[in-house]
1. Select from the range 177-203 the residues that are among the charged types (D, E, K, R), assigned to a loop (DSSP other than H, G, I, E, B) and closer than 19 Å to Pro164 by Cβ and list them in ascending order.
2. Looking at Phe242 and the list (1) closer than 26 Å to His279 by Cβ; (2) surrounded by 21 or more Cβ atoms within 10 Å (Cβ to Cβ), which single condition is not satisfied?
3. I'd like the full set of residues that are of a type in the set (Lys, Arg) and surrounded by fewer than 16 Cβ atoms within 10 Å (Cβ to Cβ), limited to the range 486-518.
4. For Gly65, which of the numbered conditions (1) crowded, with 20+ Cβ neighbours inside 10 Å; (2) modelled with pLDDT under 90; (3) on the phi > 0 side of the Ramachandran plot; (4) not hydroxyl-bearing (Ser, Thr, Tyr) fails to hold?
5. For the range 274-302, what are the residues that are touching a residue at least 60 places away in the same chain (Cβ under 8 Å) and aliphatic (A, V, I, L, M)?
6. Just to be sure I understand, how many residues within the range 375-394 are assigned to a loop (DSSP other than H, G, I, E, B) and either in the same structural domain as Val307 (by TED's automatic domain parsing) or in contact with a helix residue (DSSP H, G or I) (Cβ under 8 Å, 6 or more places away or on another chain) (or both)?
7. Tell me which residues, restricted to the range 413-423, are without any contact (Cβ under 8 Å) to a residue 24 or more places away in the chain and either over 18 Å from Leu379 (Cα atoms) or charged (D, E, K, R) (or both).
Amino acid sequence: MAGLIPKDFIQDLIARADIYSVVDSRVRLKKAGRNYQACCPFHSEKSPSFTVAPDKQFYHCFGCGAHGNALDFIMEYDGLEFPDAVEELASELGLEVPREAPKHGGKTRDRAEIADDFELMEQVTRFFSRQLREHANSPKVIEYLKGRGLSGEVVKAFGIGYAPDQWDGALRQFGGSKQKEEQLLALKVITENEKGRRFDFFRDRIMFPIRDRRGRVVGFGGRVMDSDQGPKYLNSPETRLFHKGRELYGFHEMKSQERQPEQVFIVEGYMDVVALAQHGVHNAVAALGTAATPDHLQLLFRQTSRVVCCFDGDRAGRDAAWRAMENALPLLKDGQDLRFLFLPDGEDPDSIVRKEGKDGFLQRAAQSVSLRRYFFDHLAEQADLTQDAGRAALVASAKPLIEKMPSEFYRQLLLEELARRVGRDVSQLEKMIAKPSRPMPQGSEDKQKYTPIVRAMGLLLQHPWLAHKVPVNDALAQLKLEGAKVFVAMHRQASARELTTAAMLEGWRGTRHEEALRRLAQWDHQVLEENVEREFYETYTFLIDRYLEQRYEELQALPKEQLTRERLQEMEQLLRALKRTTNPAN
């Protein structure tokens, strides 16, 4: 496992990054006053609601709520996990990412070792490609690919190759030493039996390199040409590079064709993805032998507002579709669309697109089934809706699924459909369906929730330079007000160096306060710019006064025998401080 990236490096990276350059290199921005605007890349819109604020080094979409700093944008737009986004941003700035040794004596792998793994996987990919051209079986393999309708261009684009029909082709090519053999074994290019004999993991198969979101080969999928040769598909097992629950075959190739596709198809097999690309449908990806996981769906909904699950119409295909829908329910947001396309028995996207072409496939896609219809059609298969017991069973099975949904729109949509199918009023069903809790109130109706502490935090977060206008007072952490300790920590954070809003937020990534602070970064405090300093000063002074009152009350509540001379003097000082009039202008 690679060591952790030092927090100081991440803070320095954010300080060096320019949010305008990062976003503008991917989405064309236009000047709009002090900020920049564009149509949001994360949801469909006709007029721009996506804003980039260079002074805060922060972006925010007033339409869908997407927001964050340069790292957040790279994660969302490029579909990268946090460590990969750090690597990408550092690469753009010409920086090397350092790694810390893990705590508790764990073994770490340095950057060079990780890079060596990726380099070896690229070499193996080139080896398989070369075998496709040069091996004795090459004519047979090429004829098979041509028979499947694939051109040389699409084979090259996806890096398709051939694993030779021998036990030790890759092992002899790359083994060489015990260390190399161990590396090949760890990456599952070779395998080992119970007697310790080592041999190639893939043999006599069409090879499909599986690339991660940054385009690096992390594993392989092998397909037989003859159904008698064993399982049709054989995937790399989990390795230190490859985690099938996170990776999607064809995702990198899709992104290289279209950054923000209008819709994405999830299909079952590698050949489905490649065949669709051959016919001009470049927006398809395949889950790697599993149903679409929450990680898969979250990644895709970062790229598009519509995901279409395109599976065979048999039981296995329908089971995969249902698992994908269950995984999607807690993730769906307003404006996102999950649909289902079931093909006739015996057909798959590969066969359909070869028979009907791109237009025929897209016409079928236009008739895909909505989430609402599929949800209830599937559940209704197990219930007789002509009987009270059947209608009760439908409500019972739908209830826990609807309760998972954070989207008010989808919850209401499904409740209305449920009411229609069981002949009940929506209001009756609403009482039975629990609503998800909201972590922090948002919107103008909740202005009273912004306490002085929260107000001070929001002003400081949006204008970090305010930290230098008043001294850090650690005593405020003892205030019996929610958020007091967080405010003092933020004040100390912003006082230590010149920070932007983005840099301040980065310091809280991964903490339980992150989401609340992100919302405060977008809070419309409605304070004119020329009045921000005075507003913060007055709020800060209120907090100081509140602490003095609290401390005085604590001392006053002590028994007389505990009121020492020092404590009596402190009470006098507190009273004088409370009576003192402070002029903010001085």
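1. Hits for the range 177-203 are Lys188, Arg197, Arg203.
2. Here Phe242 meets the rest and fails (1).
3. Arg492, Arg497, Arg512
4. Failing condition for Gly65: (1).
5. Val274, Ala275, Leu276, Ala277, Val281, Ala284, Leu288, Leu299
6. Residues flagged as assigned to a loop (DSSP other than H, G, I, E, B) and either in the same structural domain as Val307 (by TED's automatic domain parsing) or in contact with a helix residue (DSSP H, G or I) (Cβ under 8 Å, 6 or more places away or on another chain) (or both) within the range 375-394 amount to 4.
7. Within the range 413-423, Glu416, Arg420 qualify.
The rows are residues; the columns are (1) in contact with a Gly (Cβ under 8 Å, 6 or more places away or on another chain); (2) of a type in the set (S, T, N, Q).
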{"site": "Pro344", "(1), (2)": "yes, no"}
{"site": "Arg364", "(1), (2)": "no, no"}
{"site": "Gln367", "(1), (2)": "no, yes"}
{"site": "Leu385", "(1), (2)": "no, no"}
{"site": "Leu394", "(1), (2)": "no, no"}
{"site": "Ser397", "(1), (2)": "no, yes"}
{"site": "Glu403", "(1), (2)": "no, no"}
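The values are calculated or read from the model by the stated rules, or taken from the named source; none is laboratory data. On a predicted model such as this, the values are computed, not experimentally measured, just so you know. All Cβ positions, glycine included, derive from the backbone under ideal geometry; neighbour counts span all protein chains shown.
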